[in-house]
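The values are calculated or read from the model by the stated rules, or taken from the named source; none is laboratory data. Note that the structure is predicted; figures quoted are calculated from it, not measured. A quick note on method: Cβ atoms are made from the backbone with ideal geometry, for glycine too, and the neighbour counts reach across all protein chains shown. Side chains are part of the model used for accessible areas, which takes the heavy atoms of the whole protein and leaves out ligands, DNA and RNA. Shrake-Rupley method; radii C 1.70, N 1.55, O 1.52, S 1.80 Å.
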Amino acid sequence: MEARRTELSVAYQGKNISEEIKTYVENFSYTDKATDESDRISLTLKNIDARWLDSWMPEKEDKMDASLIRYENGAAEALVCGTFLIDELSFQGSPLTCTVQAVSAPISSSFKSTKKKNTWNHITLKDLAAEIASNAGVSLIYDSQRTVSLSSIEQEKQTDAEFLQQLCKNYGFNRKVYSEKIILYDEEEYEKKPAVAEISQKDMQSWSYRTEIEGSYTGAKMSYTDPENGKTYEASVGGGERILELSGKADSEVDAKLQAEAQLKEANRNMTTLQFTLKVPIFLTAASTVNITGLGKISGKYFLNTVKHSLSSGYKVSVTARRIPDEVDGAEEGTEGDIYIVVSGDTLWGIAKKFYGSGIKHTVIYNANQESIEETAKKHGKRSSDNGHWIWPGQKLVIPEE
């Protein structure tokens, strides 16, 4: 029987150099993040003959592709770490070593370095993110069934990375940079995906668990400024004694509630975390889910925040995960379909034409949202919405599947 082994595959500026550097590799690590921060790799090389200080010395912003290849029982399996740009070099002696650090985020563009001021009107989160990605020289993957429309949004002295990350946080999305791509995904949708593995306490070399004793927030209250009149209002979701206090800008009360709900869920997600290192490593990736067993009440479904793969004298996988509340896993969706936020000038006829190709199907949208449409109309002083004739910017509409 063939012994299990894991090897590193590296391409430098498009050329596979795995065999050339094989005897020089001291250790390698790949840190895979679910959100916020870019993925990173670190490669430390023996430098006894000083070639890394001479003809083999890497250049900053050169491109590296890395993969881990696992061999077992005659079969091979690959974990593609992605494409990275070198952003740091360090040398140490004695003995002489060279450490190459590389990041998945754009370096030469202004994505993470230039603070900008900009205004977008009547744009979706997807289209805004696509514009930022294009400016950074990378592509966008928008992995969500939700459509978030923004009537007006300002970027005020923020880098594109900071601005996009804040928008994602406001509306319940995660931003990840992977292999020359910006990925936006709905974390709640990812939580409901099937677990990729079942991991028992017996599979763990070590583990630690943390939870906040006080418990999660039971509601949120957001103070927001209306951009049209400059006045400050309050919007609330949930209730109870533990209220998350928020402030920001919103187009309407509906928009404020949408942001408050997203940030309430985000705050509660980080209440309970589990860290563990596997005895027998398996390929795991951040933003996936696993079922944890053998830990009593700690057991359950977990979302992987960070996965670190280390290759030195052996291969090791270390994970930081957070508990997914039981009510989220497998919870019913309510009305299936896209979520659309009404912008100025919208009509149900126009929205139906956009989603279904025919305005005559506006009644489908009205019927699916009748209660909320009528309630919003009354808040604006109308006796009724006149069967959906009256709708307002900031309203959240469910767009049913055809």
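Please go through the range 11-36 and pick out each residue that is surrounded by fewer than 16 Cβ atoms within 10 Å (Cβ to Cβ) and part of a loop (DSSP other than H, G, I, E, B). Listed by number, the residues that qualify are Gln13, Gly14, Ile17, Lys22, Thr23, Asp36.
May I ask you to verify whether Val280 is among the aliphatic types (A, V, I, L, M), over 22 Å from Ser9 (Cα atoms) and either open to solvent by 30 Å² or more (accessible area, probe 1.4 Å) or not in a loop (DSSP other than H, G, I, E, B) (or both)? So Val280 does not fit the description; no.
Across the range 141-161, the number of residues qualifying as closer than 16 Å to Ile123 by Cβ and surrounded by fewer than 18 Cβ atoms within 10 Å (Cβ to Cβ) comes to 2.
Counting only residues that are within 23 Å of Leu96 (Cβ to Cβ) and in contact with a Gly (Cβ under 9 Å, 6 or more places away or on another chain), the range 21-51 holds 2 of them. Using the structure shown, decide if Lys116 is exposed (fewer than 14 other Cβ atoms within 10 Å of the Cβ) and among the basic types (Lys, Arg). Judged against the criteria, Lys116 is not a match. Looking at the range 79-90, is at least one residue of a type in the set (A, V, I, L, M, F, W, C), touching a residue at least 40 places away in the same chain (Cβ under 8 Å), in a strand (DSSP E or B) and open to solvent by 60 Å² or more (accessible area, probe 1.4 Å)? Within the range 79-90 (the criterion being of a type in the set (A, V, I, L, M, F, W, C), touching a residue at least 40 places away in the same chain (Cβ under 8 Å), in a strand (DSSP E or B) and open to solvent by 60 Å² or more (accessible area, probe 1.4 Å)), the answer is yes, since at least one residue qualifies.
Flag not set for Thr44, criterion: hydroxyl-bearing (Ser, Thr, Tyr), part of a strand (DSSP E or B) and over 24 Å from Leu284 (Cβ atoms).
Leu164 fulfils the conditions (1) assigned to a helix (DSSP H, G or I); (2) surrounded by fewer than 22 Cβ atoms within 10 Å (Cβ to Cβ) except for a single criterion, (2). Across the range 360-385, the number of residues qualifying as assigned to a loop (DSSP other than H, G, I, E, B) and closer than 20 Å to Val343 by Cβ comes to 3.
Of the strands (runs of 3 or more DSSP E) entirely within the range 170-216, none holds at least 1 residues that are at pLDDT below 85 and open to solvent by less than 20 Å² (accessible area, probe 1.4 Å).
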